[in-house]
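Visitor: Provided herewith is a single structure, encoded as structure tokens, for subsequent inquiry.
The values are calculated or read from the model by the stated rules, or taken from the named source; none is laboratory data. What you are looking at is a predicted structure, and each value in this text was computed from that prediction instead of being measured. Because the Cβ atoms are built from the backbone with ideal geometry, glycine has one as well, and the counts that use them run over all protein chains shown.
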Amino acid sequence: AKESGGHGARWFAPEMKASAVDQMMIEGRLRHALESGEFALFYQPIQRAGSADIPVVETLLRWNTAQKETIAPDRFIPVAEKCGLIHDIGRWVLREACRQAGDWFRTRRNPIVVSVNASPLQLADPGFCDDVEHALEAANLPPNHLVIEITERLIVEDDFVTVANIRRLNSMGVRVALDDFGTGYSSLRYLTRFQIYSIKIDKSFIRNIVTDAKARALVQAIIGIGKSLNVSMVAEGVETQEQADILKNLGCAFLQGYLISRPVAPAAI
Ligand code: C2E
Ligand code: CA
Ligand code: CA
Ligand code: CA
């Protein structure tokens, strides 16, 4: 194994093909991070288009290492998925997000719904909905104040446990959002199989809507699908006022992106 030295982040480059020993060291660091409180949740506002309302915030995981680096989730979630630690990390995220949402629920005049990313591997775990239930109970949070964001990345659509879990989330009253919409193979089928509360249009579709008429037409069509199925539409990666204006005119109800706010620490919400 290589020395991590002051360049620990290099361990987590996605293109790296780690040896078995490297994998074990990375897993060890991730487990240590979980046990010693190096993970933190940031929150990114989701704004109602054309207003200042923030009805929902998305939780985004950060790893603040002892070496004072902050590592983004894209760098370590795939490793955690590979070594199975995603289940423990995901449970921590759920508990912490629900605890925070419970605080907001009891102390704010207009409570905020918290939207949590779930790995497809968590969704394929028979214990997942029990974890969600326990997190809600421990935080004394009503289920409709939690959204679970699911993506098609890695999802085997016909996985029996995954389907059962999504249905159970539906019957528990936890809301389900389709993340990165349009980037997978079965987004459209999901809309008919489950009760989907919101669709998050992937930022790759939003990026060019100002300059590219085809990109704009595509987003318009996606919003039309959402409207006809009565699903609320969220545009991700909104960075400019021009994008926000176009999206509002196309009837997209909710906007998320650096234009509104970067992900911030909970105290800033
Ligand atoms: P995502 O769920 O699609 O989250 C949105 C990502 O876009 C976040 O990156 C966010 O910081 C970034 N973003 C927000 N607004 C803008 C914008 O205007 N422009 C651009 N270019 N980017 C924007 P982040 O925080 O690095 O997270 C990356 C991915 O890691 C997430 O993508 C999600 O798939 C995953 N992730 C984050 N937290 C968790 C978690 O707790 N559990 C799991 N399983 N996955 C997580
Ligand atoms: Ca997400
Ligand atoms: Ca997304
Ligand atoms: Ca994504």
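Visitor: Only one of these conditions is not met by Asn208: (1) more than 30 Å from Ala40 (Cα to Cα); (2) within 16 Å of ligand 4 (Cβ to nearest atom). Which number is it?
Guide: It is condition (2) that Asn208 fails.
Visitor: Follow-up. Among the residues of region 172-186, is there at least one that is out of contact with any His (no Cβ under 7 Å at 6 or more places or on another chain), over 27 Å from Ala97 (Cα atoms) and not aliphatic (A, V, I, L, M)?
Guide: yes
Visitor: Of all residues being under 16 Å from the mean Cα position of the chain (by Cα) and among the charged types (D, E, K, R) in region 58-117, which is nearest to Ser232 (Cα to Cα)? Just the residue, please.
Guide: Filtering first and then ranking leaves Glu58.
Visitor: Of all residues in region 70-96, count the ones that are under 16 Å from Leu41 (Cβ atoms) and either part of a strand (DSSP E or B) or more than 16 Å from ligand 3 (Cβ to nearest atom) (or both).
Guide: Adding up the residues that qualify gives 13.
Visitor: Looking at region 218-238, I want the residues that are closer than 21 Å to Pro55 by Cα and touching a residue at least 60 places away in the same chain (Cβ under 8 Å) and have a partner that is among the hydroxyl-bearing types (Ser, Thr, Tyr) and within 16 Å of ligand 1 (Cβ to nearest atom) with Cβ atoms under 7 Å, at least 6 apart or on another chain. Which pairs are those?
Guide: Correct list of pairs: Val234/Ser198.
Visitor: For region 130-146, give me the residue count where each residue is surrounded by fewer than 21 Cβ atoms within 10 Å (Cβ to Cβ) and farther than 15 Å from Arg91 by Cα.
Guide: Final tally of qualifying residues: 4.
Visitor: Please determine whether any residue of region 20-35 is within 10 Å of ligand 1 (Cβ to nearest atom) and either modelled with pLDDT of 95 or more or of a type in the set (Asp, Glu) (or both).
Guide: no
Visitor: Only helices (runs of 4 or more DSSP H) wholly contained in region 174-269 count here; list those with 2 or more residues that are within 21 Å of the chain's Cα centre (by Cα) and surrounded by fewer than 16 Cβ atoms within 10 Å (Cβ to Cβ).
Guide: The helices (runs of 4 or more DSSP H) meeting that bar are 187-193.
Visitor: Answer yes or no: is there a residue in region 31-45 that is surrounded by fewer than 17 Cβ atoms within 10 Å (Cβ to Cβ), more than 16 Å from ligand 4 (Cβ to nearest atom) and touching a residue at least 60 places away in the same chain (Cβ under 8 Å).
Guide: Among the residues of region 31-45, at least one is surrounded by fewer than 17 Cβ atoms within 10 Å (Cβ to Cβ), more than 16 Å from ligand 4 (Cβ to nearest atom) and touching a residue at least 60 places away in the same chain (Cβ under 8 Å), which makes the answer yes.
Visitor: What are the pairs, 6+ residues apart or on separate chains, where a residue within region 180-192 that is more than 11 Å from ligand 4 (Cβ to nearest atom) has its Cβ under 7 Å from a residue that is modelled with pLDDT of 85 or more and not hydrophobic (A, V, I, L, M, F, W, C)?
Guide: Sorted first by the residue in region 180-192, then by its partner, the pairs are Gly182/Asp202.
Visitor: Ile77: surrounded by 15 or more Cβ atoms within 10 Å (Cβ to Cβ) and either under 27 Å from Leu255 (Cβ atoms) or touching a Cys at 6+ places or on another chain (Cβ under 8 Å) (or both), yes or no?
Guide: Against the criterion (surrounded by 15 or more Cβ atoms within 10 Å (Cβ to Cβ) and either under 27 Å from Leu255 (Cβ atoms) or touching a Cys at 6+ places or on another chain (Cβ under 8 Å) (or both)), Ile77 qualifies.
Visitor: Can you tell me which residues in region 123-168 are of a type outside the set (A, V, I, L, M), under 13 Å from the mean Cα position of the chain (by Cα) and not in a loop (DSSP other than H, G, I, E, B)?
Guide: Glu149
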